[in-house]
């Protein structure tokens, strides 16, 4: 463990949290000159420090936290000179390289003077040689993530993120202001969620469906920041207006040195050419989901065109089902069984054919054509429905049935329809899409796409509006049922009263009948009736005589 030098402005106990940024580490590896005296200003991750140490023999790190300084000294030993203190407390000879990829917000301590951003930049300039290579970051208050962050301002920065307020008039708030404020010539990169770096000149000309826009959306979708709405629509609107470079989370200036690549991500580097994009891919560690990134399947050159997903979304919004069906059929003819997973948001449409993009995610085992197409359509379904895009299909068809219909458009035989056995029976297409759902989940996990089980505010409001509509309809249905029941209840009461009246009449008639049967008049009437039925009086006389003789006593 090397000794930690403490200067004025140190903070203890304190910790400035950092996160590894593979894309930024790759950029530093390309732009930092070798064997220069280097100053790393502010908190940086171990991955970034390793990138700096590979190129520089004399590296000094200035952090305001004493505990962070001790941890760095223990981790890197004598290879790194660690200083704990504030920027205004550092007195040293000028450095040939200055790296401040965390910006100038976390370089002052409790006892530091309230320096403005321009004054902090002047202090950095004083520590640099005239031709020093400077890498400086600036957080963007107008970023999409900041504008859509659902958390109130006082919850976005906790005890672990002590930063000055951004109400400084000297602080740049745009690419042009940032470039003008720098005392060195610079190339500025737009950093999206600490995942993707894009040259601002390239980002300014990117349009929806083009590679820079796709990579920016993918980076922002993987951000853990809780958002009011999905960032896709905002990013596409900004790119359509030529403002993609105005909405990143951070800007990164590379001063006094050329930059070899226009785009940096954890898996690739890309530079713009007259024929499209020149791609250099790099492998990454396997993911627990099973799929892995294979750089050998990524084309070296990718045409600069829109993706299949962008075209499909436009056709769905225009309700042009015949054109949608035609494009789906072309995709079915183009796709083949392979290990490479299909993504319509990465397949580029070039004329009447298609080209794979920069997504090199493959499955360990070959996948049938039907399952590859089903997985691609499932991913498209999520991006269509979750982002509340317009489409011509009825709401009761959304889900597995809609994906199965798209598969049929692509030439895959549809599942034969069967009558439902229960009101909420699972769709018959569920078995057809079972393998595709596994592939889609594995790809989402590999891309670090956030789980949407906790919906954003827009989705919650849409669900609430739909619930209110359903509740209104159900209340009307309940009212109709109650009215019908009231009518039936009244009819039943009328019928009950009539039955009671008839029952009372029957009881009265029964009582009168019983009383009549017990009277002498009724008995006499019966005897008379019987006598009236006699047709042979002589025979009756003979029978009576015979009966009388039997009753006489014998002598």
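Quick notes
- Residues that are part of a loop (DSSP other than H, G, I, E, B) and out of contact with any strand residue (DSSP E or B) (no Cβ under 8 Å at 6 or more places or on another chain) were ranked within segment 14-55; the one that is nearest to residue 198 (Cα to Cα) is 21.
- Scope segment 89-118; condition in a helix (DSSP H, G or I) and either over 20 Å from residue 173 (Cα atoms) or out of contact with any helix residue (DSSP H, G or I) (no Cβ under 9 Å at 6 or more places or on another chain) (or both); matching residues: 89
- Test: residue 134 is at pLDDT 95 or above and either surrounded by 12 or more Cβ atoms within 10 Å (Cβ to Cβ) or part of a helix (DSSP H, G or I) (or both): yes
- Only one entry in 224, 183 is surrounded by fewer than 22 Cβ atoms within 10 Å (Cβ to Cβ), out of contact with any strand residue (DSSP E or B) (no Cβ under 8 Å at 6 or more places or on another chain) and modelled with pLDDT under 95, namely 224.
- Residue within segment 45-60 that is in the same structural domain as residue 74 (by TED's automatic domain parsing) and touching a residue at least 60 places away in the same chain (Cβ under 8 Å) present: no
- Taking segment 365-384 as the range and being more than 19 Å from residue 408 (Cα to Cα) and either surrounded by 16 or more Cβ atoms within 10 Å (Cβ to Cβ) or assigned by TED's automatic domain parsing to the domain that holds residue 231 (or both) as the test, only 383 passes.
- Residue 140 surrounded by 20 or more Cβ atoms within 10 Å (Cβ to Cβ), in the same structural domain as residue 238 (by TED's automatic domain parsing) and touching a helix residue (DSSP H, G or I) at 6+ places or on another chain (Cβ under 9 Å): yes
- Residue match in segment 230-247 (condition: touching a strand residue (DSSP E or B) at 6+ places or on another chain (Cβ under 8 Å), closer than 18 Å to residue 21 by Cα and modelled with pLDDT of 95 or more): no
- Residue count for segment 273-313 satisfying the condition of being surrounded by 14 or more Cβ atoms within 10 Å (Cβ to Cβ), closer than 25 Å to residue 378 by Cα and touching a strand residue (DSSP E or B) at 6+ places or on another chain (Cβ under 7 Å): 15.
- Of the numbered criteria (1) within 22 Å of the chain's Cα centre (by Cα); (2) buried (at least 20 other Cβ atoms within 10 Å of the Cβ); (3) at pLDDT 90 or above, the one residue 270 fails is (1).
- When residues of segment 90-104 are limited to those that are more than 27 Å from residue 191 (Cα to Cα) and in contact with a strand residue (DSSP E or B) (Cβ under 9 Å, 6 or more places away or on another chain), the one surrounded by the fewest Cβ atoms within 10 Å (Cβ to Cβ): 93
- The residue that is surrounded by the fewest Cβ atoms within 10 Å (Cβ to Cβ), counting only those in segment 314-330 that are touching a residue at least 60 places away in the same chain (Cβ under 8 Å) and touching a helix residue (DSSP H, G or I) at 6+ places or on another chain (Cβ under 7 Å), is 329.
- Here residue 319 passes the criteria (1) in the same structural domain as residue 358 (by TED's automatic domain parsing); (2) over 18 Å from residue 379 (Cα atoms); (3) not in a loop (DSSP other than H, G, I, E, B) except the one numbered (3).
- Of everything listed in (1) buried (at least 21 other Cβ atoms within 10 Å of the Cβ); (2) touching a helix residue (DSSP H, G or I) at 6+ places or on another chain (Cβ under 8 Å), the single unmet condition for residue 234 is (1).
The values are calculated or read from the model by the stated rules, or taken from the named source; none is laboratory data. None of the values given here were measured: they were computed from a predicted structure. Here the Cβ is made from the backbone with ideal geometry for all residues, glycine too, and neighbour counts use every protein chain on show.
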